[in-house]
Amino acid sequence: MNGIVDARTVSKWYGEVLGLNAFAASFGPGITGLVGPNGAGKSTLFKLLIGQLRIDQGELRLLGENPWNNARLKRRIGYCPESNELYGWLTGEEFVESLLRLDGIRASAARTAARGALETVGLTDAKDRRLRTFSRGMRQRAKLAQALAHEPEVLILDEPLSGADPLARINILETIAKFARDGGHAIVSTHVLYEVERLTQNVVLIHNGKAIASGDIHAIRGLIDAHPHAVRLMTSTPRDVAQALAGLDHVVSIEFPAAEAVLIRTRQPDVFYRELPGIVVDHRLDVHGLESPDDSLDAVFRYLVG
Amino acid sequence: MLVETRGLTKVFGEIRAVDDLSTAIPEGAIGLVGPNGAGKTTLLRLLLGLVQPTAGTGSVLGHDIADGIPVRERIGYMPEHDCLIPEMTGIGLVSYMARVSGLDRNTAMSRAHDVLQFVGVEEERYRKIAEYSTGMKQKVKLAQAMVHDPAVYIFDEPTTGLDPRGRTEMLRLLTTIASTLGRNMILSSHLLPDVEAICKHVVILDGGRQIAAGDLSRLLAGARDRLRVDVRGDRDRVAQALREANVEADVGPTGLRIARRAGVEAEVFRAARSVGAEVRYMGVEIRSLEELFLETVRQGEAGGR
Amino acid sequence: MSISLPRFTRRETPLLGRSHRVRAIVFAGLRRELRRPAAIFAIGVGTLITTVSSIFFVLFAPFLLQGQPLDLTFFYLPASNTAILFFVTLMAAIVGSGLVADDLRTMALTLYLSRPITQADYLTAKAAILGPLVAMIAILPLAITPIVAGLLGLFAWTIALHAVGLYLVIGVVLTAFYSSIALFLSSLTSRKAYAAAGIFAVTFGLTIPAQLLASAINQPALLYLSPWEDFLAIARGAFGVGGGPIDWAPALIILLGETVFASLATYVRMRALEVITG
Amino acid sequence: MKLAEELGKASVMFAMTLRYLLSTRRGIATAALAAVPLLLAGSLAVARVETFDILLFQILMVPLFLQVVLIFVTLVSATALIREEIEDNTLPYLLTRPVSKPAIALYKYTGYLVAVLVLLVPPLVLAYVVTQGYAGDPLGAELDVLAAFLGATALGGAAYGAFFTLLSVLTRRPLVVGLLFGFLWESVVGSIPGDVPRLSIIHYLRSILKDMIDVGPLAGYPTDVSAAAAAAILIAFTIAALILAMVVFQQSEFKQKA
């Protein structure tokens, strides 16, 4: 039970509607992506973690403690809800500063910390504007600012990237990555899968209220032996490349989908990628393109969730 | 011409949401992109007549946006935010909105069923919208925009908030619609890969102004001469090794970018091996719309946007 | 033989005019309200009680008011029935408060306004949903009473039909007032509970203090402040009943003025309602 | 637990609530309603009504202030404390702070209490000054009337506030239930014989006015409760309702479907 979050057969129902169904997973240190289709239970898990909801069954620990009605624990967590509704009548700075003071930080320190947090997320210019005039992307950044400002140990972010344009998205991703580099932990739920891959390789896949896979994306991909890895190489001499690679025992099949292409399938992608540069250089093969269509979280998601 | 505007401006308090915008958008599938607060939604509302312009004029398919009725008769609008009536059923809402668009009772009911079938809402159409998933709501929102078969579809963020499965379904629908003859589509979205997949022409807004516009393939063509490489391992040392072999390489937001010249691919593998890194992707530098967007927008640095 | 996959079909028939579109909103709205339990309760109980009490006035009044000539002035009594005030207010609060407020809360307003109708069309359609339901209490029971009296031979048909005509007129004035006020309050907020509270405040908040104040400092002119007192004055004027604290002409002008002002204010509010989202 | 830090948190929550209740559009609307006594007194003075004096003022104020203004202002303000934060989906921002839910409810209630007094007391005092000034009586002459009304406002504001806060955590529609309670139960109960009136807050407010004011419309009001006893009962009720609200709030979940 040393993970940031430990869930043991946690169940939660909204009447008959499924929230979580014997959800069991352990979120390790660093950044973990929580990925799953709509209604899979992501928001339910987050609401349980911040004590907005109470588990019906099982056992849930955040930083080793039970989150329900546990005020002391809240000092150590930062939370970004999915909804974009904020205190419209407050300005950006008042919003972050007031919540900081609720964290027990003195007035003067709260102001500087609030300005710091707004600076981090790039909202300094808008700090005196009322929140009701904020656009979707700005609201996402304001939410992130209030989650970071009191320097929590763990960030719980529900769809922090939805509605953010590419510029805001890069800013948010960099902020989360920096937070992790400084020793913080983060649990990020999102649908924008190619963004999560930029952030972390560590994911928990949730579907129908259950954790169906957790760990490193590629490790998970590796476990799905029903679909050996496909790697497509673009080369003017496909036969030579095929011959060079046929010798590898983990290569399962070799195809020639196009005149200048070789498609190989391997059971051990990591070994293949590690050996490939050597083979290309030693055999002086002409490889001018390489792509692996199904080595992404998208592919993993599609295999497992369908 | 699908949309023409001259000096179109809209000011909310001190925010100039649309700022003296003059543009001419051809018919077909148009992508409308820009950072948050760039004025996309405001521009769409101006074309629909939902808000009145502070200055300037505009027209949709030749109809002046000042007299909204003829314009709105030709438009099907899918708003960005939630806007369905929770206590109505799917078929109830779509047929009702068809009648509010001017269809008679029978045509409204038959087209409502057609269009719900098309977007993939099967027997759930008889259940109340309050019980629908996010994906199902987006499909009903799309259906109500299509039911009266308008000449122009305006979709504001149709794929936002959808899970990957919902997104692929929505993209399939949008592609089918975009390929229908005689029908135009304005697709406003943050998810630029979606715009790339569907639209032929793109308009990039920022700060209420048009900062770039044109045929998508022409805009993106630019960089045949560069190679993009994704490296697993120490990216900077690989780039360094390449520079030592006097290969021009820099680290971009989406991987290494290498100037193309004869034999450079071999250099990449050699550098990777020497550093013990893995090459996970190597391909033509397809200047994704996202990078183009970041470059054009980053010039006019987006502050508290 | 041909296979027709669910391809999206083209529309052949032209679009119908704006009046059809407005009617579509009205009928859909009425159907939806008549399925809501609260609305059914208000209509059922409201109509029942006002009708029964009106007929009761007519049947037993001759015995109670000995010697009063059985003429038109007699029909003022059912019109002054406070049950009308209560149930009209209740109906306006239950149905009227959500008319625009719900569309603001669910943002469904965008669906309406992105269709080929004007904001005036939208508001007229919404008012036309509330109007008939309020009229079910403000006009129907009153109109039935003289007919019943005529059938029972208590009154000559000339008087009875004249009374029905007058009831229609004053009923329409009251219905128009409450419809426009309810619509105005509903357009101010997305929380319909506040609009409902506002409607209660208009009825009781104005009537009770006006009556209190006027009697306390015997300044009858203050009664013009209360919509209900205005309505009673108009009814007195219509049925030729003299001796009221305030007379019907200014009362009518005030009531109609308030109705028109509320409608204009609603229109201005709707136009100013440019929803700003990022 | 460091008391200073807890006080700091309380003061922030207090200030936020006060500012929300007084500054936004809601504050202006409730302030207008709370100013009714002053408007009344002012219009009577302007209209040069000879019989306008402290007695007439009371005759008008008892039904109008007790049965309409006090209930409306307390209801609209109290339901905003918790129910609106739940409806607006902003409660998570408070739930993720090191402040327990009961504490949130308590601090918000204190903000409410001060806001309601700020809204109701000044117009009441000014109305008294206008009445005395117009009637030419010295300011100090009818202090018992002013004291009685201020006492009723404070105790009534506290009791109604606690009760409507309890309603906010018990039901999803506190405003509607509050309206029915305020306008049906509280105003009708006075005219029901026997012990039924004891079950209403207004009965004790009337008892306070009757006991504290020598000459007033409530002189004949049937009550066997002295002002002091009535005050004690109201305070006990307030504390009980508040504690119950805090306990219910602590155990409640917020299934707001995002």
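Students often get this wrong, so check it: of A:K47/A:K127; A:K210/D:K255; A:K127/D:K9; A:K42/D:K9; A:K74/A:K143, which have C-alpha atoms separated by over 24 Å?
Beyond 24 Å: A:K47/A:K127; A:K42/D:K9.
Return the whole-Å distance between the Cα centroid of the stretch D:73-102 and the Cα centroid of the stretch B:50-125.
Distance between centres, Cα-based: 37 Å.
For a quick check: with amide H placed at 1.01 Å from N, whose amide H comes under 5 Å from B:I186's, ignoring anything fewer than 5 positions away on the same chain?
B:I30, B:Y153, B:I154, B:F155
Would chain A count as rounded, prolate or oblate if I go by the C-alpha gyration tensor, calling it rounded below 1.5 in a/c and otherwise prolate when a/b exceeds b/c, oblate otherwise?
Note, shape of chain A comes out prolate.
Helix by helix, which DSSP H runs in chain C go 30 Å or more along their axis at the Cα atoms and have an average Kyte-Doolittle hydropathy of 0.5 or more?
C:37-64, C:157-188, C:248-272
How much length would be gained if the chain were fully extended between B:N246 and B:D104, taking 0.36 nm per residue of separation minus their Cα-Cα distance, in nm to one decimal? Don't skip to the end; give the middle numbers.
Numbers: separation 142, 0.36 × 142 = 51.12 nm, distance 7.18 nm.
Computed gain between B:N246 and B:D104 is 43.9 nm.
Given H placed 1.01 Å from N in the peptide plane, which residues other than close sequence neighbours of A:H191 have an amide H under 5 Å from its amide H?
none
Loop sites only, by DSSP: take the trypsin sites (Lys or Arg not before Pro) in chain D that have at most 14 other C-beta atoms within 10 Å and name the longest stretch containing none of them. Walk me through the intermediate numbers first.
Numbers: sites that count: D:K2, D:R48, D:R172, D:K257.
Between exposed loop sites, the widest span is D:49-171.
Partner chain Cβ atoms within 10 Å, averaged over the residues of B:274-284 - can you pull that number for me?
The mean count of partner-chain Cβ atoms within 10 Å per residue comes to 5.
Report for the stretch A:5-222 the percent antiparallel among DSSP-assigned beta bridges with both residues inside it, nearest 5.
DSSP beta bridges in the stretch A:5-222 are roughly 55 percent antiparallel.
What distance in nm separates the simple spin-label points at A:W13 and D:V215, each placed 7 Å from Cα in the Cβ direction?
Modelled inter-label distance: 7.0 nm.
Once you average over the residues of A:99-108, how many Cβ atoms of partner chains fall within 10 Å of each Cβ?
Numbers: counts 6, 2, 9, 14, 8, 11, 3, 3, 3, 0.
Per-residue shielding by partner chains comes out at 6.
Apply the Karplus parameterisation 6.51 cos²θ - 1.76 cosθ + 1.60, with θ equal to phi minus 60°, to every residue of the stretch A:276-291 and state each ³J(HN,Hα) to the nearest whole Hz, in sequence, with x for glycine and proline.
4, x, x, 4, 4, 5, 4, 8, 6, 7, 9, 10, 10, x, 8, 8
Please get the size of the charge dipole for the stretch B:244-286, origin at its Cα centre, with Cβ charges of +1 on Lys and Arg and -1 on Asp and Glu, quoted in debye to the nearest 20.
It works out to roughly 100 debye.
Sorting A:M138, A:M234 on the 10 Å Cβ count, fewest up front, what's the list?
A:M234, A:M138
Hey, what do the phi angles of the stretch D:100-111 turn into as Karplus ³J(HN,Hα) couplings, whole Hz, using 6.51/-1.76/1.60 and θ = phi - 60°, x for Gly and Pro?
Values, residue by residue: 5, 4, x, 5, 4, 4, 5, 5, 5, 4, 5, x Hz.
Do any GluC sites (Glu not before Pro) in the stretch A:86-159 lie in a DSSP loop with no more than 16 other beta carbon atoms within 10 Å, and if so, which? Each step should come with its number before you reach the end.
On the way: sites: A:E93, A:E94, A:E97, A:E119, A:E153; in loops: A:E153.
For GluC sites (Glu not before Pro) across the stretch A:86-159 that sit outside H, G, I, E and B with at most 16 neighbouring Cβ atoms in 10 Å, the list reads A:E153.
Evaluate peptide B:263-272: per residue, the Cβ atoms of other protein chains within 10 Å of its Cβ; return the mean as an integer. Could the numbers behind the result be given before it?
On the way: counts 2, 1, 9, 7, 1, 5, 9, 4, 1, 7.
Mean inter-chain Cβ contacts per residue within 10 Å come to 5.
Does anything in the stretch B:21-35 have its amide N under 14 Å from the 7 Å Cα→Cβ label point of B:R6, and if so which residues?
B:21-24
Please label the shape of chain D as rounded, prolate or oblate, based on the square roots a ≥ b ≥ c of the eigenvalues of the alpha-carbon gyration tensor (a/c under 1.5 means rounded; beyond that, a/b larger than b/c means prolate, else oblate).
Values: a/c = 2.09, a/b = 1.69, b/c = 1.24.
Cα axes put chain D in the prolate bin.
Using amide H atoms built in the peptide plane, which far-off residues or other-chain residues are under 5 Å from B:Q210 H to H?
Those qualifying (amide H under 5 Å, at least 5 residues apart or on another chain) are B:S22.
Compute the helix-to-body angle for D:25-34: its Cα long axis versus the longest principal axis of chain D, expressed 0 to 90° and rounded to tens.
For D:25-34 against chain D, the angle is about 30 degrees.
Using Cα-Cα distances under 8 Å and only pairs 6 or more residues apart, what relative contact order does the stretch C:188-278 have, in percent?
19
Does anyone have the angle between helix B:90-100 and the longest principal axis of chain B? Alpha-carbon axes, 0 to 90°, nearest 10?
70
On a 0 to 90° scale, report how tilted helix D:36-46 is relative to the longest principal axis of chain D, with both axes built from alpha carbons and the result rounded to the nearest 10.
That works out to roughly 30 degrees.
Could you give the distance between the Cα centres of the stretch A:79-122 and the stretch D:162-216, to the whole Å?
That distance is 40 Å.
Which whole-Hz couplings ³J(HN,Hα) result when phi for each residue of the stretch D:79-95 is put into the Karplus expression 6.51 cos²θ - 1.76 cosθ + 1.60, θ = phi - 60°, listed in order with x for Gly and Pro?
Computed from phi, the couplings for the stretch D:79-95 are 5, 6, 4, 10, 4, 5, 5, 5, 4, 7, 6, 9, 4, x, 5, 7, 5 Hz.
Taking springs between alpha-carbon atoms closer than 10 angstrom, which of D:A105, D:A15, D:A159 fluctuates most in the Gaussian network model of chain D?
Of the options given, D:A15 has the highest mean-square fluctuation.
Which loop-located GluC sites (Glu not before Pro) does the stretch D:13-106 contain, where loop means any DSSP state but H, G, I, E or B and the Cβ has at most 16 other Cβ atoms within 10 Å?
D:E50
Coordinate-derived values only; no laboratory data. Being a predicted model, the structure only gives us computed values, none of them experimental. Every residue, glycine as well, gets a Cβ built from its backbone with ideal geometry; the counts of neighbours run over all protein chains shown.
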